[in-house]
Amino acid sequence: MDLELNESEQAFQAEARAWLAENVPTTPLPSMDTPEGWALHQEWEARLAAARYSVVSWPEQYHGREASLIEWIIFEEEYYRAGAPGRVSQNGIFLLAPIIFEHGTAEQQDRFLPTMATGERIWAQCWSEPEAGSDLASLKSTARRDEERGGWLLNGQKIWCSRAALAHWGFGLFRSDPDAARHSGLTYFLFPLDAEGVTVRPIAQLDGEAGFAEVFFDDVFVPDADVLGAPGDGWRVAMSTAGNERGLSLRSPGRFTAAADRLVDLYGERPDARVADRVVDAWIKAEAYRLYTWGTVTRLADGGDVGAAGSVNKVWWSELDIALHETALDLLGPDAELESRWLDGYTFSLSGPIYAGTNEIQRNIVAERILGLPREPKGAGR
Amino acid sequence: MRFELTEDQRDFAASLDRLIAGADPVGVARAWGAGDTAPGLSLWRRLADQGVSALLVPEEAGGMGATPVELAVAFEVLGKHAVPGPWVEAAAYLATELSGEAQEAVAAGAVATVAVPPHTPYALDADVATQVYLAGSDGLRTATPDEQLTSVDRTRRLFRLRAGGIHDTADRAAEAFDAAALATSAQLLGAGERVLAGAVTYVKQRRQFGREIGSYQAIKHQLADVRIALDFARPLVHGAALADDVDRGRAVSAAKVACADAAYRASRTGLQVHGAIGYTEEFDLSVWITRIRALVTAWGTPGFHRARILQSLTATPAGAR
């Protein structure tokens, strides 16, 4: 058991650190959920891609550098330590791309991955529906076969679609076989958000910005070439993204250890004995998350998978994110209500226990799949 | 980078687990608390034969020359089975602090104990120890047991000490304290795991309102939170075991705070889901509930360890944390 990086990993770390020190914008970019901030974030993605830092773990042909999982985490740690901007393309890179690599055809990989890597085409996640949040199996939006044109007609409504207000393409599940059981008969589609029949209605979030949107589908045609995986197999395909989202990919520890460092600095500037223990606890939890992730990486490198442990992870990072930011706001005292990076981070953190499967759902998964507790009987509120 | 136990380390844990599980550890602990120390001393001997006392002692002094990771592995198993006796005092603190013949005796399995005021003011099981010490700023003194005190954990037989002469001025007190706090953290982790396992078994059997209580979300979520807390405490223990001299104190304190929180949460939840039966002394859960409560404040209270972390963090520039 050890925590030591080997020589090539150390070299990778030094190179990334140097590049980031040279290239990270010195003033924070405006919010990516505003048109001007969006454009600047896309420019940043292009700059990352040009240096082959936008998707370090991808194959070289798609702008990656075939970095190992360890190197990916090293890069993420350096990225957040350097105070680099949030990733406007993260839904695509972290949620969709693993699915395209696993289930996509070679043609789809060549068509979709390069522009995702450069930030030229930004993807929105369109999963939830008004009547189906964490319970994805109860989706009602439909896909009807159009044999004549060789594709499908999408109808229905998606909601809470992250980045959809400004994004170019979306990905989501539609019910393609109305007679099949809940988890069967779902198909995974990719579609342009400016296609005929698509209406995007931005929804302002708590911070007043349109980070997500409702998307309406009215006989939207999607060719067979834009179906991901086999028709009817969408549930299985989507579940591999759910694991990624809850597990490692979206929430690398670098983000939290960097925030914990800033919290300690804030405490140094504004010491307050009444908040001291919470500063320490937040730091401990970020440190625990960092170490826990190295354990996960070791298991993955040995051929294991994240599985239900992704739910353990998700509850932890989402609550940690809130604790870090709430503690910072308490240190800021009366200034806490004023616009600040801490306040932005706080507002964002509030969504953590809600999205990617609520923490109530995650706790059920931990209890049932890890502890082996019995499911609630049908009709007992599920 | 391989932040997982090695096969040897897992085998070591499994062999200790088998040995202790086969020795009726709860019976041993209850007897120990009632003053019958013979079964406990017999178990002590068998664990010492497996090298538990000798882990941190260098090979040239008759020890195993193992790393703090093996220490953590062993103490998690001791905590899981609520093994009684001054194990932290002997195998962690004194194995680190002592030198010469006294250290060799500890490595060979002598029952030794120590009080380290202010954090550990009373000596555990001083009446059965063949070596008793009192740590002070001027070094380690030999000592003799005085008045016996009553711990919340009946299996912790605590004594005030009468100080004797200076035995050793070894300057490894800080390292020894961290070894003891690390071992205590690992014990808490093992105890928390044991309480969670017992609670999970119970809620799958116990039925109310026509179904297993473990199918109720109110029960599930509490136990899930215990699982999550323990899962994130363990890497801090292993991280502290691997820490270098510069980071060791802070890493150990983080492990102690997290393990105390996680185990205490386990004990409160374990009691709650068992209901009144969990509140009885007769039911074995009581052994762990009281042990955990005692270990939360042993070898540095959470308040002390948090203050030590904060002091270290604010004294270190961001880039070097």
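The numbers here are math on the coordinates, done by the rules we state, and not lab data. Note that the structure is predicted; figures quoted are calculated from it, not measured. Here the Cβ positions follow ideal geometry from the backbone for every residue, glycine too, while neighbour counts run over all protein chains shown.
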Site A:Glu147, offset 7 angstrom along Cα→Cβ, radius 13 Å on amide nitrogen, limited to the range A:173-188, gives none
Taking a quarter of the surface of the Cα convex hull of the range A:1-110, what do you get in nm²? 8.2 nm²
What number does the range A:277-333 give for Rg over Rh if you use C-alpha atoms and the Kirkwood radius? 1.11
Can you give me the pair-distance distribution of the range A:96-240, C-alpha pairs, 10 Å bins, whole percents? 12, 43, 37, 7, 0
Projecting the Cα atoms of A:Gly170, A:Gln362, A:Leu228 onto the charge dipole of the protein assembly as shown, where Lys and Arg contribute +1 and Asp and Glu -1 at Cβ, the residue farthest towards the positive end is A:Gln362
Quote the FRET efficiency, to the nearest 0.05, computed for A:Arg236 versus B:Ser15 with a Förster distance R0 of 25 Å and r equal to the Cβ-Cβ distance. 0.05
For the range A:24-82, how big is the tail of P(r) above 18 Å, as a whole percent of Cα pairs? 42 percent
Inter-chain shielding metric for B:312-318, i.e. average beta-carbon neighbours from other chains within 10 angstrom, reads 4
Within a 10 angstrom radius of each residue's Cβ in B:217-227, how many Cβ atoms of other chains show up on average? Whole number is fine. 6
Which Cys in the protein assembly as shown stand alone, with every other cysteine's Cβ at 4.7 Å or more from theirs? B:Cys259
With N residues in the range A:263-359, what two-decimal value do you get for its Cα radius of gyration over 2.2 N^0.38 Å? 1.24
For the range B:46-151, the fraction of alpha-carbon pairs in successive 10 Å shells from zero, as %: 16, 48, 32, 4
With bins of 5 Å, the percent of all Cα-Cα pairs of the range A:156-283 per bin from 0 is 2, 9, 13, 13, 15, 13, 9, 7, 7, 6, 4, 2, 0
When you look at the Cβ of every residue in A:197-203, what mean number of other chain Cβ atoms sits within 10 Å? 0
Could you state the principal axis extents of the C-alpha atoms in chain B, from the largest down, to the nearest angstrom? 66, 54, 37
Please get the size of the charge dipole for the range A:114-250, origin at its Cα centre, with Cβ charges of +1 on Lys and Arg and -1 on Asp and Glu, quoted in debye to the nearest 20. 340 debye
For chain A, Kirkwood radius (reciprocal of mean inverse C-alpha pair distance, Å): 21.9 Å
Two-decimal Rg/Rh across the range A:215-326, once Rg and the Kirkwood Rh are taken from alpha-carbon atoms: 1.17
Value of D in µm² per second that Stokes-Einstein yields for the range A:247-298, Kirkwood Rh from Cα pairs, at 4 °C (1.567 mPa s): 111 µm²/s
In chain A, if the dipole is taken from +1 on Lys/Arg beta carbons and -1 on Asp/Glu beta carbons about the Cα centre, which of A:Trp127, A:Phe112, A:Leu5 is farthest to the positive end? A:Trp127
Quick one: which residues, 5+ away or cross-chain, put their amide H under 5 Å from the amide H of B:Asp146? H built at 1.01 Å from N. B:Arg160, B:Leu161, B:Arg162
Net charge within 13 Å of B:His167 by Cβ-Cβ distance, Lys/Arg positive one each and Asp/Glu negative one each, not counting B:His167 itself? -3
Cα principal axis extents for the range B:174-321, largest first, Å: 58, 31, 22
If you take the alpha carbon radius of gyration of the range B:258-320 and divide it by 2.2 N^0.38 Å, what ratio comes out, to two decimals? 1.55
Using a basic spin-label model with each label point 7 Å from the Cα along Cα→Cβ, how many nm lie between B:Glu7 and B:Ala38? 4.3 nm
Once the dipole of the range B:60-214 is set up with Lys and Arg at +1 and Asp and Glu at -1 on Cβ about the Cα centre, which of B:Gln103, B:Leu196, B:His81 lies farthest towards its positive end? B:Leu196
Rh (Kirkwood, all Cα-Cα pairs) for the range A:128-209, Å, reads 13.8 Å
Jot down the per residue volume, in cubic angstrom and as a whole number, of the convex hull over the alpha-carbon atoms of the range A:115-165. 122 Å³
For the protein assembly as shown, what size does the Cα cloud have along each of its three principal axes, sorted from largest down, in whole Å? 94, 63, 49
Per GNM of chain A with C-alpha springs under 10 angstrom, the most fluctuating residue out of A:Gly333, A:Gly83, A:Gly310 is A:Gly333
Would you mind computing, in nm to one decimal, how far apart the modelled labels at B:Thr67 and B:Thr150 are, each placed 7 Å from Cα along Cα→Cβ? 4.5 nm
Square roots of five times the C-alpha gyration tensor eigenvalues of the range B:209-277, ordered largest first and given in whole Å, equal 33, 11, 6
